[in-house]
Amino acid sequence: MSRIAQLRQRHGIDRVIAHLQQCLRSGEPLPDLDALAAIAHQSPFHFHRLYRALTGETPGRTVARLRLLRALQLLAHADSRVTEVALEVGFESPQALARACRQAVDATPSALREDAALRAHWQQRLALPAGDGTDDGAPLQVQVTALAPFDVVVLRTRGAFDDLDQAFGQVYAWAAEQGLAEHLQALVGIALNDHRDVPADACEFECGMGFGRVVADIPAPLRALTLGGGEYAVLRHVGSYAGLDAATDALLRQWLPDSGRALRDAPLYYHYLDDPEDVPEAILRADICVPVR
């Protein structure tokens with residue numbers, strides 16, 4: 001058994017996958033993220049991120065993969081009909097199944113039904129999550145430290161990850177008007193979803209700045225938020241800020257399982273230490289701060 005498979009077992013991810021398979025076989029409604037987190041015995045606060053780190057795919061992608069796998073299993077029956085198979089596994093129409101097959105395996109349902117070798121090949125490929133393999137990365141230099149609580153002014157933004165500087169610019173412009181810009185002490189970000197998995201117009205992010213003091217009379221859509229307070233696993237990331245999600249996955253996959261720590265219900269945030277306008281992308285620094293207990 002691979003290291004990744006062992007981690008999935010330990011964190012209950014395989015129970016989640018088995019439950020999803022059962023739902024697809026029986027036609028039961030698919031559970032939501034909170035229910036999946038309960039099956040895995042994980043906090044729903046970080047379940048989606050932990051799941052992706054250990055499987056290489058989102059729960060939604062797992063459902064799509066298992067639905068197609070179930071369709072291939074049914075197409076193996078000599079008397080199978082594409083329309084019946086499509087509806088049984090949850091596709092709205094045979095056309096929807098055909099689109100899924102073309103996108104995932106570059107073949108039609110009819111071709112998969114008739115070609116046993118092709119069908120067996122894709123059944124084997126689709127049976128495992130994308131991340132089912134080994135993790136040969138170098139040991140991560142993670143420090144667990146108690147971080148004092150601190151206040152930030154944040155702006156929630158929706159849009160392309162590469163356009164976040166505009167939202168930070170809005171917070172800074174307001175701070176300058178209030179005479180706070182010269183007291184800037186921290187630049188932080190909280191990813192509310194994963195920019196690798198959602199369309200640009202659905203990517204949500206909290207862009208925040210800390211000024212070392214409590215700030216009153218904050219106008220909407222800006223708001224105050226308290227971060228820190230308690231223990232955090234801190235990993236220094238060097239390189240493009242676009243790589244922070246992958247580095248976070250590595251922390252959760254490589255360091256967390258053997259650390260003796262568990263995730264705590266508090267925001268995971270990024271503390272940006274350099275300004276991309278002043279520092280080359282290859283040497284940008286940011287601390288990934290993961291709440292643990």
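Computed quantities for the displayed model
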item	result
Matching entry among LEU69, LEU36, LEU50 (being within 30 Å of ALA117 (Cα to Cα) and not basic (Lys, Arg))	LEU69
Matching residues, the stretch 259-293, being among the β-branched types (Val, Ile, Thr) and within 17 Å of the chain's Cα centre (by Cα)	ILE288, VAL290
Tally of residues being hydrophobic (A, V, I, L, M, F, W, C), within 17 Å of ALA64 (Cα to Cα) and surrounded by fewer than 13 Cβ atoms within 10 Å (Cβ to Cβ) across the stretch 77-99	0
Per-region count, the stretch 263-291, residues hydrophobic (A, V, I, L, M, F, W, C) and touching a helix residue (DSSP H, G or I) at 6+ places or on another chain (Cβ under 8 Å)	6
Verdict on LEU74 being hydrophobic (A, V, I, L, M, F, W, C), surrounded by fewer than 21 Cβ atoms within 10 Å (Cβ to Cβ), at negative phi and assigned to a helix (DSSP H, G or I)	yes
Strands (runs of 3 or more DSSP E) enclosed by the stretch 148-255 - at least 1 residues per element that are among the hydrophobic types (A, V, I, L, M, F, W, C) and under 19 Å from ARG285 (Cα atoms)	186-191, 204-210, 230-238
Candidates LEU147, LEU112, LEU164, LEU180, filtered to the one that is out of contact with any strand residue (DSSP E or B) (no Cβ under 9 Å at 6 or more places or on another chain) and surrounded by 13 or more Cβ atoms within 10 Å (Cβ to Cβ)	LEU112
Qualifying positions in the stretch 49-85 - in contact (Cβ under 8 Å) with a residue 12 or more places away in the chain and among the polar types (S, T, N, Q)	THR55, THR58, THR62, GLN73, SER80
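Residues are listed down the side, and each one gets a yes or a no for (1) hydrophobic (A, V, I, L, M, F, W, C); (2) buried (at least 18 other Cβ atoms within 10 Å of the Cβ); (3) modelled with pLDDT under 95:
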{"site": "GLY27", "(1), (2), (3)": "no, no, yes"}
{"site": "HIS41", "(1), (2), (3)": "no, no, yes"}
{"site": "PHE45", "(1), (2), (3)": "yes, no, yes"}
{"site": "ARG49", "(1), (2), (3)": "no, yes, yes"}
{"site": "THR58", "(1), (2), (3)": "no, yes, yes"}
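The values are calculated or read from the model by the stated rules, or taken from the named source; none is laboratory data. Since we're looking at a predicted model, the values are computed, not measured. Please note: Cβ atoms are built from the backbone with ideal geometry, for glycine as well, and neighbour counts cover all protein chains shown.
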